[in-house]
Amino acid sequence: MDVAARIVRLQLAETFVIAREAADYADVVQVSLTHEGVTGHGEAAPIERYDESAESALRFIDDHGALVGDDPFALEDVGERLASIPGEQAAKSALDAALHDLQGKLLGVPVFKLLGLPRTGPPTSWTIWLGDPDDMARRAEGAAQTYRRLKLKLGGDDGLDVERVRAVRGVTDLPLMVDVNEWWSFAEALEALPQLAEIGVEYCEQPLKAGDEGGRALKDRSPVPIYVDEDCHTLADVSGCAEIAHGINIKLGKSGGIREAIRMAHAARGLRMGVMLGCMVESGLGIAAGCCVAPLCDHIDLDGNLLLAEDPWPGVELVDGVQTPSLAPGLGGSPRA
Ligand SMILES: [Mg+2]
């Protein structure tokens, strides 16, 4: 297969703020695999937290893209070859997505059908990024017109995190989830979680730093389900996460692709854990790959393309709050003309 890749800058509609960073744009890598005149596309959203960048992802694809070989259906073999080189999970996920897209196009079916899954999963949450309580409430009120659940970014480091959730609860009855992005100490988590339970928060994502030794005790004592994100990357992490959390947050950029994400979802079910699917800032191409895993999850946070000033890869449609992939073969979608 011929492999080509390039960096694409995605401009955000508004500055996005979480506990550890703020951003106006995100750089992703888009990859194309061509086999017998048919081209499959995939996207990598590198995660800075794991020392990845668009440049490092592009380098990985330039250096190791040939590991996809000549059989676009040999996902297991390709996955093993790619996994033999550590790191750059986002780049691997782009290659995996492009292989799935190519398979669908070669067979004339959408990828969700290829995987034997329904077309859609639960509605996506909309992310209310970190701000003052009043500001978050104002933005939540606007978003509540379009979305069916809201995910609040916390970790303000100012003692106002519970106030943020209260302010948002004051303007909407929608289901609320929170994501602390590793920003609380064990003591802060123990103080905040019962209050979040009273407000009716559905789950709390990654309250403690990844690997924090308090995880096990917090799981036992938290009245709100704990989901881990920064603690959970691939299948190998899932059983350990069962000790510290009630659920896992799968992202293709961490797992290395759709195939590993599906394994993780099934492993989590076997451990009686909840499953959520997250994303990064991504175009519709990245989100279309995420949609393939969504039907296996309890909670969906696939709003990456909706945060953009303009999606350069239309195809996924938000229908009544549900991210809905195209019925076209492969991942659907195509670059904006
Ligand atoms: Mg998260």
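The values are calculated or read from the model by the stated rules, or taken from the named source; none is laboratory data. Because the structure is predicted, anything quoted here is derived from the model rather than measured. Positions of Cβ are generated from backbone atoms using ideal geometry, with glycine treated the same way; all protein chains shown enter the neighbour counts. With ligands, DNA and RNA removed, areas are computed over all heavy atoms of the protein, side chains included. Shrake-Rupley method; radii C 1.70, N 1.55, O 1.52, S 1.80 Å.
Over 21 Å between C-alpha atoms is what I'm after, so list which of Lys113/Lys254; Lys92/Lys151; Lys92/Lys254 land there.
Details: Lys113/Lys254 24 Å; Lys92/Lys151 27 Å; Lys92/Lys254 9 Å.
Result: Lys113/Lys254; Lys92/Lys151 exceed 21 Å.
Could you please state how large a percent of the accessible area of the chain is carbon and sulfur, counting protein chains only and using a 1.4 Å probe?
Details: 6430 of 13510 Å².
Carbon and sulfur atoms account for 48 percent of the accessible area of the chain.
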>> Considering the Cα positions of region 254-318, please state its Rg to one decimal place and its Dmax as a whole number of Å.
In response: 12.4, 40
>> If I stretch the segment between Val171 and Asp320 completely, what's the gain in nm (0.36 nm per residue apart, minus their alpha carbon distance), one decimal?
In response: 51.6 nm
>> Counting each pair of different Cα atoms once, what's the Kirkwood radius of region 2-109 in Å, rounded to one decimal?
In response: 14.4 Å
>> Which of rounded, prolate or oblate describes the chain when judged by the alpha-carbon gyration tensor and an a/c cut-off of 1.5?
In response: prolate
> For region 1-114, what is the accessible area per residue in Å², given a 1.4 Å probe and the full set of protein chains?
Replying inline: 45 Å²
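Please give the peptides 155-163, 127-135, 251-259, 175-183 ranked by average Cβ packing (other Cβ atoms within 10 Å per residue), highest first, as a rough proxy for protection. It would help to have the intermediate numbers written out before the result.
Details: 155-163: 16.7, 127-135: 18.7, 251-259: 26.4, 175-183: 23.0.
With the highest mean Cβ count within 10 Å placed first, the list reads 251-259, 175-183, 127-135, 155-163.
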> Quick one: how many Å² of Phe186 are accessible to a 1.4 Å probe, rounded to 10?
Replying inline: 60 Å²
> Under the Karplus relation 6.51 cos²θ - 1.76 cosθ + 1.60, θ = phi - 60°, what is the ordered set of whole-Hz ³J(HN,Hα) values for region 163-175, x standing for Gly and Pro?
Replying inline: 4, 4, 5, 4, 4, 5, 4, x, 10, 8, 9, 4, x
> Helix 258-270 sits at what angle to the longest principal axis of the chain, using alpha carbons and giving 0 to 90 degrees rounded to 10?
Replying inline: 40 degrees
> What is the chain's relative contact order, in percent, from Cα pairs under 8 angstrom and six or more apart in sequence?
Replying inline: 19 percent
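Which of the GluC sites (Glu not before Pro) found in region 5-63 are loop residues per DSSP with 16 or fewer other Cβ atoms within 10 Å of their Cβ? Don't jump to the answer; show the numbers that get you there.
Details: sites: Glu14, Glu21, Glu36, Glu43, Glu48, Glu52, Glu55; in loops: Glu36, Glu52.
Within region 5-63, the qualifying GluC sites (Glu not before Pro) (loop, at most 16 other Cβ atoms within 10 Å) are Glu36.
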> How big is the gap, in Å, between the Cα center of region 87-108 and the Cα center of region 295-337?
Replying inline: 16 Å
> Angle between the Cα long axis of helix 235-244 and the longest principal axis of the chain, 0 to 90 degrees, nearest 10?
Replying inline: 10 degrees
> Label 7 Å along Cα→Cβ of Ser185; region 145-178 residues with amide nitrogen under 17 Å?
Replying inline: 155-162
>> For the chain, take the longest principal axis of its alpha carbons; what is the angle in degrees between that and the long axis of helix 89-107, to the nearest 10 within 0 to 90?
In response: 50 degrees
>> Can you tell me which lysines have their Cα less than 19 Å from the Cα of Lys153? Leave out same-chain residues fewer than eight positions away.
In response: Lys209, Lys251
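Compute the length gained on full extension between Thr39 and Gln11: take 0.36 nm times their separation in residues and subtract their Cα-Cα distance, giving the result in nm to one decimal. Display every interim value, and only then the final one.
Numbers: separation 28, 0.36 × 28 = 10.08 nm, distance 2.58 nm.
The Thr39-Gln11 span can extend by a further 7.5 nm.
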